[in-house]
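Beneath this line is the structure, given in structure tokens, with notes to follow.
The values are calculated or read from the model by the stated rules, or taken from the named source; none is laboratory data. Keep in mind that what you see is a predicted model, and the values were worked out from it rather than measured. Methodologically, a virtual Cβ is constructed for each residue, glycine included, from the backbone with ideal geometry; neighbour enumeration extends over all protein chains shown. Only protein heavy atoms, including side chains, enter the accessible area calculation; ligands, DNA and RNA are left aside. Shrake-Rupley method; radii C 1.70, N 1.55, O 1.52, S 1.80 Å.
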Amino acid sequence: MKGISDINPLGEERPNPSEEEREKLRGERWQRERDEAYQMLVELCNLGEYDMAQQLANRHFNWGYEIVDGIVMERID
């Protein structure tokens, strides 16, 4: 960790990503969140908490999943 006297307030700034990089990062974050949501829904179904998994999937419609007969399925619109 740097001491306060070692920090230059006019020094390096955080790089500003381009719009393409920002879009790529957004897409990666969205996919990671969607994968985590899928795992959470699968775990709830494995525990027999089908109603809770269904409520969670309905509450987070943007994840794109639904629960059909205790199985996590990709929602088809």
(request) Work out the charge dipole of the chain with +1 on the Cβ of Lys and Arg and -1 on the Cβ of Asp and Glu about the Cα centre, then indicate which of Asn46, Asn16, Val72 is farthest towards its positive end. (result) Asn16
(message) Can you tell me, using C-alpha contacts under 8 Å and at least 6 residues apart, the relative contact order of the chain as a whole percent?
(response) 19
(request) State to the nearest 20 debye the size of the charge dipole of the chain about its Cα centre, where the only charges are +1 on K and R beta carbons and -1 on D and E beta carbons. (result) 220
(message) Quick check: the angle from helix 50-59's long axis to the longest principal axis of the chain, C-alpha only, nearest 10 degrees?
(response) 50
(message) Within the chain, what whole-number % of the accessible surface is contributed by carbon and sulfur, with the 1.4 Å probe and all protein chains included in the calculation?
(response) 50
(message) Could you check the spin-label model distance between Glu33 and Glu20? Points 7 Å from the Cα along Cα→Cβ, value in nm.
(response) 2.5
(message) Could you give me D for the range 10-76, from Stokes-Einstein at 20 °C and 1.002 mPa s, where the hydrodynamic radius is the Kirkwood radius over C-alpha pairs? Units µm² s⁻¹, please.
(response) 157
(message) Leaving out ligands and nucleic acids, and using a 1.4 Å probe, what accessible area per residue does the chain come to in Å²?
(response) 89
(request) With everything on Cα atoms, drop me the angle between helix 19-46 and the longest principal axis of the chain, reported from 0 to 90° to the nearest 10. (result) 40
(request) Treat each spin label as a single point 7 Å out from the Cα along the C-beta direction, and report the Ile76 to Ser5 distance in nm. (result) 7.0
(message) Run lengths n ≥ 4 of DSSP H only: what is the helix-derived mean residue ellipticity at 222 nm for the chain, with -39500 (n - 2.57) per run over all residues, to the nearest 500?
(response) -17000 deg cm²/dmol
